[in-house]
Amino acid sequence: MINDKRELQKRLEHYFDEHFDEILADLKEIMSIDSSYSQPKDGMPFGEGSAKALAWGVEQGEKLGLKVKSFDNYVVSLTHGENPVLGILSHLDVVPAGSGWSYPPFDCTLSDGKIYGRGAIDDKGPSVAVLWAVKALKELDVKLSKGFRIIFGGNEEGGCEDIEYYQRLEAFPEMVFTPDGSFPVLNCEKGMLHLNFGSPFQDKEIDRIAAGTVVNAIPDKCSVSGEFEKEYFGKSSHGSRPENGDNAITKFLSEYSGENAALNALAKLFPHGEYDGKSCGLGFSDALTGSMSCALTMLNTVENKLCGAIDIRYPIDRTLDEITKIITLKLEAAGFNIDEASGMEPHYVSEDSQFVRTLLEVYEDVKGEKGEPIAEGGVTYVHNTPGGVAFGAEFPWENNNMHGADEHISVETFKYNLNMYANAIARLCE
């Protein structure tokens with residue numbers, strides 16, 4: 001039995017180095033599953049891929065000797081001990097592959113010190129790190145006096161219906177973290193608004209516009225066909241980080257010189273290279289969360305209608321109702337109808353809580369540097385969980401192409417994941 005924290009840290013680091021090829025093999029297995037949302041089937045509420053990924057989670061839990069419970073292909077839980085005090089919430093579904101990849105999206109490719117593939121950082125890589133953290137603690141005979149529960153979901157990218165279903169049947173433990181954000185500890189998340197709008201569309205030169213497939217990703221391609229025909233290429237990124245991408249829709253609108261009123265209105269509301277929604281009457285910021293983001297992420301013609309979608313992440317000093325009213329008025333004044341609007345209020349957990357302080361201690365011990373809580377625009381898996389925080393899986397200075405082509409995690413960061421989660425479980429459940 002290992003009692004000294006520093007000794008355990010060294011032993012864990014050695015263990016992960018020694019078993020790294022096996023860890024990569026497990027990562028390759030789960031990353032080979034296309035678990036993006038597909039047509040629901042009987043007993044598969046989010047499609048075959050999601051169900052297959054959850055089945056993989058069941059298999060891994062059984063191998064580790066954990067108590068496995070399946071929730072109708074919405075969620076699977078893997079529990080160690082009785083009355084768990086810690087919950088680790090991660091998701092096995094992913095966004096669609098999209099285009100522009102240099103490596104196979106549904107594989108695990110190691111190149112130049114990076115692991116490439118859909119889910120490498122969001123959340124399959126971190127999920128494997130959590131499972132191997134448990135395996136390491138078991139094989140190193142680390143005694144835990146308190147229980148913990150791993151919760152794998154299958155619909156985080158599609159709106160978190162998985163967790164809504166789970167919470168109707170089972171309560172979360174008192175402490176919950178997710179590897180679905182950033183280190184050191186992400187304790188403050190901006191509010192989110194996803195809005196769909198539309199208007200009638202007829203144009204002599206343009207028959208069809210096709211750009212964007214999901215609301216929370218910056219589109220890397222905008223195809224325009226008809227008498228006027230052209231393809232615009234950009235760079236995809238997460239919808240909460242439009243500055244990391246190059247929006248193909250706004251690139252098209254910035255070059256558009258026709259007379260279509262709807263397209264000209266959108267060009268004014270969403271100038272290419274503007275990320276904070278200032279032209280939409282937004283552009284807010286605060287001291288804790290910084291500037292908001294506003295991105296036009298989908299624009300498609302469907303029959304005789306132009307359909308668009310917007311991803312907005314707003315500071316914690318604003319409300320969902322306030323942001324919704326502002327953007328709705330701007331769109332309606334420009335001639336658009338609002339088809340659907342949904343969102344979440346901001347999420348905040350005090351940095352003075354013992355839970356946050358313990359995670360920061362783990363970060364500082366493993367990383368060897370002081371860590372401070374951070375705020376981000378991305379909505380993590382614990383956004384609607386009181387007291388829940390994100391612990392990893394990336395560092396704030398990294399751009400891992402989350403939701404984009406060539407999504408990746410560096411080997412160095414992946415090893416930090418392994419060590420962070422093993423030490424966190426050991427310390428929170430000692």
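The values are calculated or read from the model by the stated rules, or taken from the named source; none is laboratory data. Computed from a predicted structure; not experimentally measured. Using ideal geometry, Cβ is built from the backbone for each residue, glycine included, and neighbour counts are taken over all protein chains shown. With ligands, DNA and RNA removed, areas are computed over all heavy atoms of the protein, side chains included. Shrake-Rupley method; radii C 1.70, N 1.55, O 1.52, S 1.80 Å.
Only one entry of GLY273, GLY281, GLY290 meets the criterion of being open to solvent by less than 30 Å² (accessible area, probe 1.4 Å) and small (Gly, Ala, Ser), and that entry is GLY290.
Picking from residues in segment 336-366 that are of a type in the set (Ser, Thr, Tyr) and in a strand (DSSP E or B), the one that is surrounded by the fewest Cβ atoms within 10 Å (Cβ to Cβ) is SER342.
In segment 119-127, the count of residues that are aliphatic (A, V, I, L, M) and touching a Leu at 6+ places or on another chain (Cβ under 6 Å) is zero. Report yes if ALA55 is among the aliphatic types (A, V, I, L, M) and touching a residue at least 60 places away in the same chain (Cβ under 8 Å), otherwise no. Against the criterion (among the aliphatic types (A, V, I, L, M) and touching a residue at least 60 places away in the same chain (Cβ under 8 Å)), ALA55 does not qualify.
Could you tell me which residue of segment 303-330 is least open to solvent (accessible area, probe 1.4 Å), considering only residues that are over 20 Å from the mean Cα position of the chain (by Cα) and modelled with pLDDT under 95? By that ranking, first place goes to ASP317.
What's the number of the condition VAL215 fails, among (1) open to solvent by 70 Å² or more (accessible area, probe 1.4 Å); (2) not in a strand (DSSP E or B)? Unmet condition: (1). Taking the condition in a helix (DSSP H, G or I) and either open to solvent by less than 30 Å² (accessible area, probe 1.4 Å) or within 23 Å of GLY181 (Cα to Cα) (or both), does ILE209 pass? When the stated conditions are applied, ILE209 does not pass them. The residue that is farthest from the chain's Cα centre (by Cα), counting only those in segment 1-16 that are outside any helix (DSSP H, G or I) and hydrophobic (A, V, I, L, M, F, W, C), is MET1. Inclusion of ALA333 among residues that are open to solvent by 50 Å² or more (accessible area, probe 1.4 Å) and more than 16 Å from GLY181 (Cβ to Cβ) is warranted. All conditions but one from (1) assigned to a helix (DSSP H, G or I); (2) surrounded by 17 or more Cβ atoms within 10 Å (Cβ to Cβ); (3) not small (Gly, Ala, Ser) apply to ASN264; the one that does not is (2). Screening segment 19-71 for residues that are β-branched (Val, Ile, Thr) and within 20 Å of TYR165 (Cα to Cα) and picking the one that is nearest to the chain's Cα centre (by Cα) gives VAL58.
Give the residue that is most open to solvent (accessible area, probe 1.4 Å), with candidates limited to residues of segment 107-150 that are more than 20 Å from VAL75 (Cβ to Cβ) and hydroxyl-bearing (Ser, Thr, Tyr). Filtering segment 107-150 for residues that are more than 20 Å from VAL75 (Cβ to Cβ) and hydroxyl-bearing (Ser, Thr, Tyr), the one most open to solvent (accessible area, probe 1.4 Å) comes out as SER145.
Taken across segment 17-26, residues that are modelled with pLDDT of 95 or more and not in a helix (DSSP H, G or I) do occur, with at least one present. Would it be correct to say that GLU369 is assigned to a loop (DSSP other than H, G, I, E, B) and at pLDDT 95 or above? Taking the combined requirement at face value, the residue satisfies it.
Scanning segment 378-407 for residues that are at negative phi, open to solvent by less than 10 Å² (accessible area, probe 1.4 Å) and among the small types (Gly, Ala, Ser) yields GLY388, ALA390, ALA393, GLY404.
The set of residues in segment 46-75 that are open to solvent by less than 30 Å² (accessible area, probe 1.4 Å) and assigned to a loop (DSSP other than H, G, I, E, B) comprises PHE46, GLY47, LEU64, LEU66. Scanning segment 390-414 for residues that are of a type outside the set (Phe, Trp, Tyr), closer than 19 Å to HIS91 by Cα and touching a helix residue (DSSP H, G or I) at 6+ places or on another chain (Cβ under 6 Å) gives GLY392, ALA393, ILE409.
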